[in-house]
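Okay, structure first, notes after.
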Amino acid sequence: MLNKKNIVLGVTGGIAVYKACDIVSRLKKLSANVDVIMTKAAMEFVNPHTFQALSQNPVIKEIFETPRHWDIEHISLAQKADIILVAPATANIIGKVANGIADDMLSTTIMASTAKIVFAPAMNTKMYENKIFQSNMKRLKDLGYEFIPPQSGRLACGDIGTGKLADVDKIIEFLVELETEEQDLLGKKILITAGPTAEAIDPVRFITNHSSGKMGYALAEAASKRGADVTLIAGPTKLAPPIGVNLISIRSTLDMYAAVMKHFPEQDIVIKSAAVADYRPENIADKKIKKEEGNLTLTLARNPDILAELGKIKENKVLVGFAAETNNVIEYAKEKIIKKNLDFIVANDITEEGAGFATDTNIVYLIDKKGDVRKVDKATKLEIAHNILNKTKEFLK
C-alpha cells in the first residue's frame, strides 16, 4: 500500500496536467506524502498553488531557486522518494532521461534517484508512434523504468489514436501494486467468497441479485499478490480468476455453504464478501413452469446464514463480513458484528454514487468489534481491498 510512502510527482507540460491534480488528491487519501515538481511548461497549464494546496507541501519549480532548507533540493528529494511518478510525461522528459540529460529540477532529481521511476506518457499519437520516441521508451524499459501505457481515443488536438494519459484509477492501481511486492501475508491461508448466488426456480429461471463479484475478486487478487494462499469461492460472474488463486465455482447458497464449511478449518482468515440469497424456492420444478392465467406463487425457504455459522466456530481465526445497506449503514453493521461474532465488517451504502454493485469503485466503512469506524473514501476496489487486508492484519495472532 501507499500509506506513509514518499512519492515525488513530476508534472510536465501538456493538456493532461489537470489530471495530475486528481492524482495528488487520490494519493493523499491513501495517506501518501506527495512532493510535486513542475516544469516551466506545466506551469503554463496549472498554477503551482493548486498542487501546493492539494499536496500540503511546497511545489518545487526551479533548480536554482532559493532553497527552503540547507540541503540540496534535488538530492534530498531523490533520496527521500520511494517512487517518482511522472504524469503526464511528455516525449521531451522521456527523451531527456533516456539520453542522460539533466537540465532542470525534474530530470536532475530523476538522475540522482535510486527510487522506482514510473512514467505515464501523454502526447499526440504521431509523437507517441515516432520511432525516436519508441526507441527512447524501449531503452528506459530495458533499464528497469516503469511505464503506464496511454489510452486510445480522441485527443485534445482532435486526432483519434493512442496518446491520452491513462485513467487516474489505472495510475493509482499501478502504484499500489508496485508497492505491494512485500509478501506480508506469506504463509497465511485466506478464504474469500465473492459474487451472487443463483437459486433455481425451474430449469430456466432463478433468483439472484446485482452483485458482480468485483470486490471479492479484487480481494483475492490483492491477497495473492501479498503472498497469501487464497481460496476464492465464487458464484456466477463474468470475471476471470486472479492468477495464483484457487477458484471454486458454485451456484446456489447451499453450494457455497458446503464449500465454505469444507475449507474453513484450514484457514487463518475468512472474508465473506459474497452477496448470498437469504431465501430459495422451497420446491424446484423439474420442467419449465408454463405461463397460465393469474399470478404465480412461490414459497421461499430460509437459506443457512453462512457467516453466522462461521461465527459460532471461528475460534482464533480472523472473520470479516460485509454489509451492503441502503440506510442506517453504521448502525446495522455494528449489530451484525455482534450477532455474527465478527472481528470487523466492511459496510457501504449501495445507493451512493461510486459505491456498491457492478462499479469499479467503492466507498466503505471499516468497523471493528471495538466500535472503531474508519471511512475509506471513493477508490478503486483494488485499493479498497488493500485497505481491508491492512485492517485484517491487525487481528492476526
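If I go through segment 288-322 residue by residue, how many of them are at pLDDT 95 or above, of a type in the set (Lys, Arg) and surrounded by fewer than 11 Cβ atoms within 10 Å (Cβ to Cβ)? So the answer is 2. Residue 247 - would you say it is of a type outside the set (Lys, Arg), more than 23 Å from residue 313 (Cβ to Cβ) and assigned to a strand (DSSP E or B)? Against the criterion (of a type outside the set (Lys, Arg), more than 23 Å from residue 313 (Cβ to Cβ) and assigned to a strand (DSSP E or B)), residue 247 qualifies.
Residue by residue, here is whether (1) in contact with an Asp or Glu (Cβ under 7 Å, 6 or more places away or on another chain); (2) aliphatic (A, V, I, L, M); (3) modelled with pLDDT under 90 holds:
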| residue | (1), (2), (3) |
| --- | --- |
| 175 | no, yes, no |
| 182 | no, no, yes |
| 197 | no, no, no |
| 211 | no, no, no |
| 244 | no, no, yes |
| 250 | no, yes, no |
| 256 | no, yes, no |
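Has segment 203-223 got any residue that is on the phi > 0 side of the Ramachandran plot and touching a strand residue (DSSP E or B) at 6+ places or on another chain (Cβ under 8 Å)? Yes, segment 203-223 contains at least one residue that is on the phi > 0 side of the Ramachandran plot and touching a strand residue (DSSP E or B) at 6+ places or on another chain (Cβ under 8 Å). The residues on offer are 310, 298, and the sole one that is more than 33 Å from the chain's Cα centre (by Cα) and among the hydrophobic types (A, V, I, L, M, F, W, C) is 298. One residue stands out in segment 339-384 among those that are modelled with pLDDT of 95 or more and assigned to a helix (DSSP H, G or I): the one that is nearest to residue 310 (Cα to Cα), namely 340. For first residues located in segment 155-179 and crowded, with 18+ Cβ neighbours inside 10 Å and small (Gly, Ala, Ser), partners that are modelled with pLDDT of 90 or more and not in a loop (DSSP other than H, G, I, E, B) and lie 6+ apart or on another chain with Cβ distances below 6 Å form the pairs 163/128; 166/120.
In the set 194, 234, only one residue is in contact (Cβ under 8 Å) with a residue 60 or more places away in the chain and closer than 13 Å to residue 271 by Cα; that residue is 194.
Each row is one residue, and each column tells you yes or no for (1) part of a loop (DSSP other than H, G, I, E, B); (2) closer than 30 Å to residue 186 by Cβ; (3) aliphatic (A, V, I, L, M); (4) in contact (Cβ under 8 Å) with a residue 60 or more places away in the chain.
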residue	(1), (2), (3), (4)
220	no, yes, yes, no
257	no, yes, no, no
264	no, yes, no, yes
270	no, yes, yes, yes
277	yes, no, yes, yes
290	yes, no, no, no
294	yes, no, no, no
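Applying the criterion of being assigned to a loop (DSSP other than H, G, I, E, B) and within 28 Å of the chain's Cα centre (by Cα) to the residues of segment 89-136, the residue that is farthest from residue 178 (Cα to Cα) is 123. Checking each residue in segment 284-320 for being more than 30 Å from residue 223 (Cα to Cα) and in contact with a Leu (Cβ under 9 Å, 6 or more places away or on another chain) picks out only 289.
The values are calculated or read from the model by the stated rules, or taken from the named source; none is laboratory data. Remember, it's a predicted structure, so these values are computed and weren't measured experimentally. Cβ: placed from backbone, ideal geometry, glycine included. Neighbour counts: every protein chain shown.
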